[in-house]
1. Looking only at other chains, what is the average number of their beta-carbon atoms within 10 angstrom of each beta-carbon in B:269-278?
2. Can you tell me the dipole magnitude for the stretch D:209-362 around its Cα centre, using point charges on the Cβ only (Lys, Arg +1; Asp, Glu -1), in Debye to the nearest 20?
3. Calculated FRET efficiency, A:GLU262 and B:ASN195, Cβ-Cβ r, R0 25 Å, to nearest 0.05?
4. Which of the lysines could a cross-linker bridge to C:LYS245, judged by Cα under 21 Å and excluding same-chain residues fewer than eight apart?
5. Sorted from shortest, what are the nm distances separating the label point of B:GLN51 from equivalent points in the other copies, each placed 7 Å from Cα along Cα to C-beta?
6. I'd like the GluC sites (Glu not before Pro) in the stretch C:136-200 restricted to DSSP loop residues with at most 13 other Cβ atoms within 10 Å, sorted by number.
7. Neighbour counts of other C-beta atoms within 10 Å: give me C:ILE8, D:ILE160, C:ILE176 arranged from fewest to most.
8. 7 Å along Cα→Cβ for the label point: how many nanometres lie between C:LYS274 and each equivalent label in the other copies, listed shortest first?
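Coordinate-derived values only; no laboratory data. These figures come from a predicted structure and were not determined experimentally. Cβ sites come from the backbone with ideal geometry, for glycine too, and all protein chains shown count toward neighbours.
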There are 4 protein chains.
Amino acid sequence: MSNTFGHIFKITTFGESHGKALGCIVDGCPPHIPLSEELVQEFLNKRKPGQHDLTSPRQELDQCEILSGVQKGKTIGSPIAILIRNHDQKPKDYEEFTEIFGPSHADFTYNIKYKITPQTGGGRSSARETVGRVAAGAVAKSFVKSTFPHVNVCAWTQRIASVSNEVPMENITTEIVEKSPLRCPDETATKHIQNLLYQLKQDGNTAGGVIGCYVLGLPAGLGDPVFDKLEAQLAKAMLSIPASKSFEVGSGLQGTFLTGKEHNDIFYSDKDQKIKTKTNHSGGIQGGISNGMPLFFQVGFKPVSTIFSPQHTINSEKENVVFSPTKGRHDPCVLPRAVPIIEAMTWIVLADHILRQKCIES
Amino acid sequence: MSNTFGHIFKITTFGESHGKALGCIVDGCPPHIPLSEELVQEFLNKRKPGQHDLTSPRQELDQCEILSGVQKGKTIGSPIAILIRNHDQKPKDYEEFTEIFGPSHADFTYNIKYKITPQTGGGRSSARETVGRVAAGAVAKSFVKSTFPHVNVCAWTQRIASVSNEVPMENITTEIVEKSPLRCPDETATKHIQNLLYQLKQDGNTAGGVIGCYVLGLPAGLGDPVFDKLEAQLAKAMLSIPASKSFEVGSGLQGTFLTGKEHNDIFYSDKDQKIKTKTNHSGGIQGGISNGMPLFFQVGFKPVSTIFSPQHTINSEKENVVFSPTKGRHDPCVLPRAVPIIEAMTWIVLADHILRQKCIES
Amino acid sequence: MSNTFGHIFKITTFGESHGKALGCIVDGCPPHIPLSEELVQEFLNKRKPGQHDLTSPRQELDQCEILSGVQKGKTIGSPIAILIRNHDQKPKDYEEFTEIFGPSHADFTYNIKYKITPQTGGGRSSARETVGRVAAGAVAKSFVKSTFPHVNVCAWTQRIASVSNEVPMENITTEIVEKSPLRCPDETATKHIQNLLYQLKQDGNTAGGVIGCYVLGLPAGLGDPVFDKLEAQLAKAMLSIPASKSFEVGSGLQGTFLTGKEHNDIFYSDKDQKIKTKTNHSGGIQGGISNGMPLFFQVGFKPVSTIFSPQHTINSEKENVVFSPTKGRHDPCVLPRAVPIIEAMTWIVLADHILRQKCIES
Amino acid sequence: MSNTFGHIFKITTFGESHGKALGCIVDGCPPHIPLSEELVQEFLNKRKPGQHDLTSPRQELDQCEILSGVQKGKTIGSPIAILIRNHDQKPKDYEEFTEIFGPSHADFTYNIKYKITPQTGGGRSSARETVGRVAAGAVAKSFVKSTFPHVNVCAWTQRIASVSNEVPMENITTEIVEKSPLRCPDETATKHIQNLLYQLKQDGNTAGGVIGCYVLGLPAGLGDPVFDKLEAQLAKAMLSIPASKSFEVGSGLQGTFLTGKEHNDIFYSDKDQKIKTKTNHSGGIQGGISNGMPLFFQVGFKPVSTIFSPQHTINSEKENVVFSPTKGRHDPCVLPRAVPIIEAMTWIVLADHILRQKCIES
């Protein structure tokens, strides 16, 4: 019952990694929003595997088909179903998983929960599940842009292992991010990380890191007090992405070392009578509601758990065994491909809160 | 529309900091669960203000009244309404806020969102809102314990400013935590932090930090794939608590520096044929589902934004002014009182996922 | 988990017939809507028992207290909690029910569902549960009126046993309805029904009937296609009222005897270019969406099942016994008091759909 | 936002009458439930058009494809997406509707709500929308049968125009119903109705009527008090079906003429200590909860509004015009094809309440 996200702008996804197809239904999108397969495809292309030699070699075109909800390039108010068929599923490569529980994989917990033999290639726990989210994100973006044309969401690789991006946030743009095969805006860092990842790949090893994300142009007033605070919805959205381990908003963990005097964001009225804050430790959110400053958060990802190296583990008979995966296609580091997923989930959260806000206003 | 949390075990809270009363309705709690006002009171007492000289001097008994859903000490399957009346509300102390937007306070964003003059004492953005959550947490705990008697939730002050608890997690118990006025299991750290907080209080300043929380005795199989992963629900729950800034599960941010080989949790079958992992970087959750190991997460809190020191800010006329609050009652550090709130929200998340799991099992 | 109704304008009710208190939380009501205890009381007074000698003699003032969500006579956007304390609960009068399952009462099904001894006086199955709905209805009405001042909801007793109101719908007003102790706009029918009910009361017997309800002034465009059609939401709302047995919209059951040529509502544009239909068999709803014509529906109620006459039945030991209730306070006919409940539920459905519609419009 | 139905067993449908495809996602279905395309197809075949000369001549195979959630003939706990492609859509036949608002059609209200030109062939207001519900109903049935193998749902044509089925409910079986091209268990009535419908078809006219439905073998205890009473959920489900006008449970409208003494269902314990009632005016539901007796309800349908005969109406310019549809494919009477839709919605309601009940039981 957990495949739906959002309250008014509501997405429901389906599909297993090695099943026939994946996709989503977007319900609650207002009519008259521009939408086409091209627009969705653009989003999917950013996420799809096989983009370069440091991502999974799985070959999927991830070609989408809009089945409903759109006429003559615009939404019509009815649910938008988007279908992406699998082509390069190779369930056989994962057969070794059906007997052996891979360390830090979800096979074991799925087995306990559903009493099923771990599904070939991860079923719904595979990051391939996020295809449906990204398709839905394209719809959300188009809706948000129709309402607030100046809103922009931009995520990037902030750190992999211990190599960090040094480009300051205010200089980061989607164009710069997309120039890097690792979606890291810093050229020098990109090179260091590439070397590191080639090394790790050779060792059958993997890395983790942190993704940064900002939202510019968001009006003040979005987000609800109490349980559906903007940062709470974002935290849920981000921690629901496979392999994510942490979420920080604004000053985040670093900010918890500061005193109140240092941390408070001083309001001022600029020459155009626009209210701003001198610092932005709040990350654009106060009391769960956007304050008009750039929204900023970071998401940590663990190193990929599929490593090509022998590990002790157990099988479905509870016997201690050695597990040495030799096949299967995985990225040595998920971060570059997690960037569009984070952007998609952010657009979806924003779309829902924009619609919620309409219910408040008279 | 954001005052409800949970899908099957569902809580709805109400009440403003300086209104007549606060409370909650818990819907979806099964019948025959032990419940009494004493049991709820015990929870509320841990959260209530005025516990010692480093928490808010506001005097509230926070006495609860169960209005429905309980007969002869047991739940009966109908909604459980719990009422806590305010006694020591002093809206006048906060009147200066009605004109001036306090830095890093929610007055400004509430004003934009609801077009209302910031409510006296913070309305729903005040941490006093959490009274209803804590009362609901008592119900959740009683239900979880009825189903899995060995489950235990324990949160503690892990760090304030830069002083950290050094007691290892396996030695931390609720008894030890409750001995410290700061709910820090480490006696030496407690003393250092106390000194620090007295100092900060004298300077009209405040501190932030990190709270740790573990859940022991949880069966494997709880949590849903995709959007309602156990860590995603916890992340939302935690980031919905006022002043929280970060959430980390298991190895958290530190874990993102490791390689896959270092980070993977090796499964083994112990002598009783119980499946365990050698390390617990996963924090007890894999693929969004509990794996039977201790669940562990951390929550960061910013320094309290109400400081007793002049600050530049703006008023409702968008004029730049100086703000020098002299009255109002606030803790120099929210962490000690956030401990029971985190525990309450954790019980609530667990209760919901235990009921969800019942729907899977035949 | 079933004590919440509505998607955006959302009410949650609580309280048992013979418990301490009943009430509701209304979440999702926009700010700046006029609201006061007087306004809610007016609604509650229409429903309260003891209004005359043909309703239950239970003496309840049903005095409400607004606990949150309102300041200076206006809503502030936070949840509105309303409390009504029980005073005249007499659980002892119902003790005979705790052993014996009354025919057509919910004691038996509650016992099977919750494994509880039937609660004194009916618990949540008692029509006293509707107090919370009526309080919430007052909030809904105030919101709807703030948005569309000309909307009016009017329900009335259309038939009791086989005596029907003959006043045509276009002549029925709330004023006329309220003149009749039975809320029947037809004076002659009122007299006949009164005689009938006195007779039935003397015989320890009861009657059922039908309530009519119209909504005037509703704009076209409210209601959603597919599952949340306006009539589907109304049907659910009405069939959730204790003792209701049928729902008909527009031409209803009679309309199913007509041919398409007879039943179709011919559109025309009147001299003010307002689009109307010549007949209104659709009852103001087409395709689940309001068309601007008067909304009209009818709700059937069974005769009250508490009769003061010996009946065969079973007890909790599954033994066949004779049941002769001598105490307990019940109306010989629920219809007059169901009128305000139907109006309340209608306002609540409308409020929710008005907010939903805001999400569609740009 | 209205394309989802159910709380735990949750279906979301998509697709327009003349779009590319229709279908559904079923979320919340437990694992290990038998499911195959054959099983779904069997359900769809009962609903599909072109079954004989009194239903729409539209030629649709309504062939389904299960895209996810099933492996080796069993559900796996993940969402089940089912796709049905349109083949015989003829949007051109409906072009006359794009300018002219058909009387009693949803074109006008859709135009007001969504500001869109009425969609070719009705969009989501067409009964073709119900394909997704019927597919979901097949999943629901398989789940219910896995839990309670003896549950059976059977609907039938009870009346068309003024010709009624005279076969008593206890003699009606699915086999008998399916023998009649009109799904009327009464052979004589079937013949009369056939003649009537041929006559009406020749006149370009249409008829309405009533469908009966019973559920046998349902355990006591299903259904929730207050808003989600079993009959309230059924009423919503039924009134959400296109062209439905009324819902009656048990004795229904006729029962409202009886006195309490006549209407009360006397409990007794039969020789096997099974608790039954002598009459079943309650229709198997008391206090919103099933009592173990046969569940029984009736749904009224208006005559089809597409008639092939000139009618006065208006166009999108608000001009009064004459509307004479000559093309378009419609049934002279929807009832025979509504039978499987009602059964599907009933299975879906039951599936949801069976899962809800699991959350109550320990």
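1. Working: counts 8, 2, 0, 0, 2, 1, 6, 1, 5, 2.
For this peptide, the per-residue mean of nearby foreign Cβ atoms is 3.
2. Values: 15 positive and 14 negative charges, 40 e Å.
Charge dipole, the stretch D:209-362, about its Cα centre: 200 debye, nearest 20.
3. Values: r = 19 Å, r/R0 = 0.77.
That gives a FRET efficiency of 0.85.
4. Within the straight-line limit of under 21 Å, C:LYS245 reaches these lysines: C:LYS229, C:LYS236, C:LYS302, D:LYS229, D:LYS236, D:LYS245, D:LYS261, D:LYS276, D:LYS278, D:LYS302.
5. Those separations, rounded to one decimal, come out as 4.7, 5.1, 6.6 nm.
6. On the way: sites: C:GLU166, C:GLU170, C:GLU175, C:GLU178, C:GLU187; in loops: C:GLU166.
The qualifying sites are C:GLU166.
7. Working: C:ILE8 25, D:ILE160 31, C:ILE176 17.
Least to most surrounded, the residues fall as C:ILE176, C:ILE8, D:ILE160.
8. Distances to the matching label points in the other copies: 4.5, 5.9, 7.4 nm.
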